[in-house]
1. Lysines within cross-link reach of LYS60: Cα-Cα under 20 Å, excluding same-chain residues under 8 positions apart?
2. For ALA280 paired with SER324, estimate the spin-label separation in nm (one decimal), with each label point 7 Å from Cα along the Cα-to-Cβ line.
3. Can you put ASP227, ASP28 in order of accessible area, largest first, using a 1.4 Å probe?
4. Counting only helical runs of four or more DSSP H residues, what would the 222 nm mean residue ellipticity of the chain come to if each run contributes -39,500 (n - 2.57) and the total is spread over all its residues?
5. Which peptide among 51-57, 271-277 comes first, and what is the full order, when sorted by highest mean count of other Cβ atoms within 10 Å?
6. Rank-order 36-49, 242-255, 171-184, 387-400 by packing density, defined as the average count of other C-beta atoms within 10 Å over each peptide's residues, highest first.
7. Below 19 Å, Cα to Cα, which aspartates and glutamates can LYS101 reach? Residues fewer than 8 away in the same chain don't count.
8. Between GLU292 and VAL138, take the C-beta separation as r, use R0 = 60 Å, and let me know the FRET efficiency to the nearest 0.05.
Amino acid sequence: MTAILGNEKYRIALNRRGAVELLVLQEDPYLMNWVMNPQYLQETGYGDDEDKQFGEWELKADGEVLNSSSFIPQITQEGPGQAAVEFNTSRIKLSMVYSLKGEQLLWRIMLTNTSAQPVHVEGFHVWLSLAYIMFRDVNVLRNMRESCAVHPHLGGDFAKFAAVRRSNEGPHLGIYGLAGRTVTSGSYCRYSNRFLEQVSPSLDGLLYHRLSLVEDGTSMNASAAADWIYGSAYEMLSLAPGELKGWDYSFLPFSDMEDFYRRGETLGHPRWSYTPVLPAGGVFQASLHMPEGVTVKEMRLYSAPGDSQDIILEDVTAALIPESAGTGPAGRSSGGTSYNVSLRRNIPGEHKLELVLDDGRSDVLIWNVLEPVSTLLGKRAEWMCANSYAGSDAAERPYAFRPLSNQGESLGKLAFLLMNNRMTGPVPGQVAIAEKAAALDMRTHWFEGGDFSRPRALYGDFYRIYDFDYIAHVYYLLSQMEDDLLQLHPAEEYLQWAAEVMCMRLDPDAHPGSAKRTNPG
C-alpha cells in the first residue's frame, strides 16, 4: 500500500497504481471492505481484473487510447486526510484527489491539457468498482455482510449511486455527484459456475462498475444510435491548452434509502418520490423538494410512444404545483421549495422527465407507461411460441423450449403458457404447443424412458428434487384444460401424471443418496 488515509469515519488504502484497494467505514460492526480486494481476486483466479479496480481508468484522446495500467502515477499524501494520484501522459495530466472531511470522502477527478494544442477527448472512463461480489465460499453471513448491490441514478447533473449491503443492515454507502456530469455507467461481470463442484452457492463472481465521464458515442455505436434517453449527453470534450475539466463526488454512509435521498438533498440534489410504472390511462404522480437556493426554470417531458418512431417533447412546467407549508413528507429537510406533479398518460411507452434549473443544471427521471397486463402477457405468450419453441424438427430435444436448460427455465415457460390460457380465452395453438412440450419432451428428458419412478440424473450423478414440483405443476395445469383443447391425452390422465410425480417426489425411499434428496439450487 502506498497511501493510507483515515479519520473517525473512514480507513482508506491506495496501492502503487493509485487504485483504492481498501475502503472501510470505521463505525461498521463488520468492517466491510467496500471496494474489490486484490487479494481475493488473486485467490479466486480473477487477478487479471486488477486493471478494473476502483480508480483505474481509460482515456481516448484524438484517436489514441490510453490506460492507467500503462503508467506509473505519482502519489503524494498530505497528512492522514488527503492523497493525490497524478498520471502524466504526453499531452494530458490526469489527477485524482481523495480528501476526508468529517463524514464525507471527497473524490475529485481532473483532466488538464498540458500541451500547446487543443486536445479532443472522445472517451474518459473511470472504474467505480465497489464490492459487488458473490463470494466463493459457503459463509452465508459473509456474502450478506461484506457484499453489496449498486443502484444507480443517472441522467443530468445529479448522478448518485446507492451501494446497499446485501443483508440490508446499515451502514450502507452512497456516492453523490457534486460537479461535472456522469454521462453513463456500465458494468463488467466475471463469474464461475460451480454447480457440480460446490452445490450451494453454485455461482460466484464479481460485478465491476465503470463511470463514463466523457463519451461521444463511438465506443457504443449500436446503442448510442438508439439511445434517446441518455444520448443527448454523448459528446466530445475539447480542452484548450492549459484548460482543466473536473468531476467531484461525495461518499457518505447512510442507514436506509430514505436516509440516502435525505443525504443527497443536503448536498444540493433535488429529492423525488415518484411512480416508476403506471398503466395506460393512469396518473404519474411525484413529489419534489428543491434545496434552498435552487430554483426551477422549466420541466420537460419526452416520450416514445410504442406505435411511433418519433420522440415527443412536451413542456409540462405548469404541472409543478407548489405544496402548502407543512404538507410534505416527514423527514424532509427544512427550507427549500416543495412541489407536487400529476400527469395523466394514455399512450404506452417510455418517458423521460427532465427538470431544468435556473443555473443550467438538470435532473432526469425515467418511468414507463405500460399496456394492460393482460395484453403484455398475451404478447409474451405469442412471442414465446413463435421464437422459443423448437418444434418437431429440432436436432436436439424436439418440442422443447429454448434456451435448453436443466434448471427449469423450460418448465417455467410451460407453466406460464398454460396459466395465461387459463386466465383468458384459450388459444388452441398455444395449448397444443405446451402439451407437446410437456408430454413429448419434459417427460422423457427428466425421467428415464418417461418412467415417473426413475428420475434422470441431469447434473452429473444427481438430480434436483425440487424440479419435480414444477413438473407436477405443469401436468396439473394441463389437467385443468378442456379435453377438446388437448390433442395427446385427456385431462384426467395429466392429473394422474401430476399425482405420480408428486408421490415419487415426496417418497424418501424413492431417492437413494443424500445428494439427490437435497436441493442444490
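The values are calculated or read from the model by the stated rules, or taken from the named source; none is laboratory data. Given the structure is predicted, the values throughout are model-derived calculations rather than measurements. Glycine also receives a Cβ, built like all others from the backbone with ideal geometry; neighbour counts cover every protein chain displayed. To get the accessible areas, we keep the full protein, side chains included, count just its heavy atoms, and leave off ligands, DNA and RNA. Shrake-Rupley method; radii C 1.70, N 1.55, O 1.52, S 1.80 Å.
1. Correct list for LYS60: LYS52, LYS93, LYS245.
2. Label-label distance for ALA280 and SER324, simple model: 3.7 nm.
3. Sorted by accessible area, descending: ASP227, ASP28.
4. Values: 11 runs with 104 residues, N = 521.
So the calculated ellipticity at 222 nm is -5500 deg cm²/dmol.
5. 51-57, 271-277
6. 171-184, 242-255, 36-49, 387-400
7. GLU8, GLU27, ASP28, GLU78, ASP248, GLU265
8. Given R0 = 60 Å and the Cβ-Cβ separation, E is 0.75.
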